[in-house]
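This report refers to the structure that appears directly beneath it.
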Amino acid sequence: INLGRTQMEIEENTDENECDILFTDVEGDDWMYGIVRAYSACIGRGRKLGAVVVCVGDVISKIAAVRKLLKCFKLNIPLLRGESISSYASIVNNNGAKANRFPVSEILDNVDVREDDYQHYENLPRILKGYRLHITVISPPLELYNLYTKYPVLIEQTVHIDMMGGFQNDEEKNPRMTFNWSMNPEIAANFLQMIYDNRVDALIYSSHKTKPAIGGGSINSANAPRVMEILDSLSTYIPFQMFNVIRRSWNEKCYSEIPFVRDLIDKVGWTQFCPADIIVYFGQFYSSDIIVATEAVTFEIHIEHPEMYYQGNQLLPSPIVTVHQESTSTIKMITQFSNSEKFFELFLRELTELKVYLDATTTKA
C-alpha cells in the first residue's frame, strides 16, 4: 500500500542523529495518533521516536496506558511525566475531554504503575543530548515552553515543530482560540513569541482549517462508513479496545456538557469521534497528499479576555487570535488541506495496512 512517500524515500531522508518527540494529553484523537505513530515506529518508517511526554490530568495512569500501547508494538520508548491539570496556572478551558477522568480501571486492568515506567519531563535534555529534534505537540505547549525556558540548548537542537492549536471562528466570525492553546492562553502566546524570536521552524495545524478537512470534526458511520467498518474489525486488538474505551468516555463527558456534541451524537451515534490529531500524522508522513498550501505568519493572542470557553452547557468566548502575514516568519500555518475524501482515503489505507500487520502478530487479546 503506497500512501505517498515510499519507505525508501523516507529512509533516504532520515538522519540517525535526528529523532521525534511527542507531547500528548492522550485524549481520543491523540490515542489514534499514538496507534498509527507506534505502528510506523515499529516497522521503521521515518525517524526514531525518541520520547513521549504525557501531559494534563491523571498523567501517571495515562503513562501506564501508553506503556501498554507501546508494548503491543514491542516498543521500548522513554515515557516522561508532564504536568497534571492542577499545574496549569491560568487554565481557561478546563472542559470536556481535558477535564475528563481518564478511564483507568477499564484501560489498565488493575496494572500497577511503577516509578521506573516514567521520568519527569525535565529529564528530556539528558535523554536526548546531541540529537536534532523534530517535535510534535498535540497537547498544550506548557511543558515544551518550560523546557525551552530552562534549557535553551533544546531550542538549538530543534529542527522543526508540528503543532495542533490555533482558532475557530465563532458565531460572530471572531477567530476564537481553541483546545490546546486555550488551556493556557498566556503560555501559548509566550511560546509562539519564543519560537518566533528564536527562528524555530514550525507548522501550525489550526482548527479552522483542520475541521473541514476531517469531515467537520467528526468521523462517523454517516460520513466515513468504510473507516468505521475497519475500526470495528480492529476492535479485538488491544490498542483499539483501549481506543474504544477512551472514545466512549470522551463522548459521555462531552455529551453531558457540550450542546453541539450532544446534538452530533444524537444524530450519528456514540461511535463517532474527533480525528483532529490524526491529520498531523498524515501531514508528517504524507504531506504532498494532504497539505495543499501554507503561509508564513505570526499570531497575536488577545489574552485580556480569558473567559472559560465552556462553562457547563453555556458556550462563552475564549481569547481572540489575530493572524498576521509575515514573509520572514519561520512559523507557517496550513491554509489549505486536501478535501475530507482524501483524508478518509488515507486513514482507511493506513488502518488497512495496520490490520494486516496486527493480523500477523500476537497483539490480539
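The values are calculated or read from the model by the stated rules, or taken from the named source; none is laboratory data. Computed from a predicted model, the values in this text were never measured in an experiment. A quick note on method: Cβ atoms are made from the backbone with ideal geometry, for glycine too, and the neighbour counts reach across all protein chains shown. Ligands, DNA and RNA are stripped out before the accessible areas are found, and what is left, the full protein with its side chains, is counted by its heavy atoms. Shrake-Rupley method; radii C 1.70, N 1.55, O 1.52, S 1.80 Å.
General remarks:
- Among the listed pairs 71/209; 62/253; 62/211; 253/342, those beyond 28 Å (Cα-Cα): 71/209; 253/342
- In loop segments of segment 120-213 as defined by DSSP, the trypsin sites (Lys or Arg not before Pro) with at most 10 further C-beta atoms inside 10 Å of their C-beta are 129, 173.
- Over segment 247-301: Rg over Rh, Cα atoms, Kirkwood Rh: 1.15
- Couplings 3J(HN,Hα) for segment 324-340, derived from phi with the Karplus relation 6.51 cos²θ - 1.76 cosθ + 1.60 (θ = phi - 60°), are 10, 6, 8, 4, 8, 6, 8, 8, 10, 10, 6, 9, 8, 9, 4, 6, 5 Hz, where x marks Gly and Pro.
- Most to least packed among 210-222, 134-146 [average Cβ atoms within 10 Å]: 134-146, 210-222
- Packing-based ranking, highest mean first, of 68-74, 326-332 given that Cβ atoms within 10 Å are counted: 68-74, 326-332
- Placing 42, 55 in order of accessible area, with the largest value first and a 1.4 Å probe, yields 42, 55.
- Residue 167 long-range amide H proximity, modeled H, under 5 Å: 178, 207, 208
- Amide H contacts of residue 83 (H built 1.01 Å from N, under 5 Å, at least 5 apart or other chain): 56
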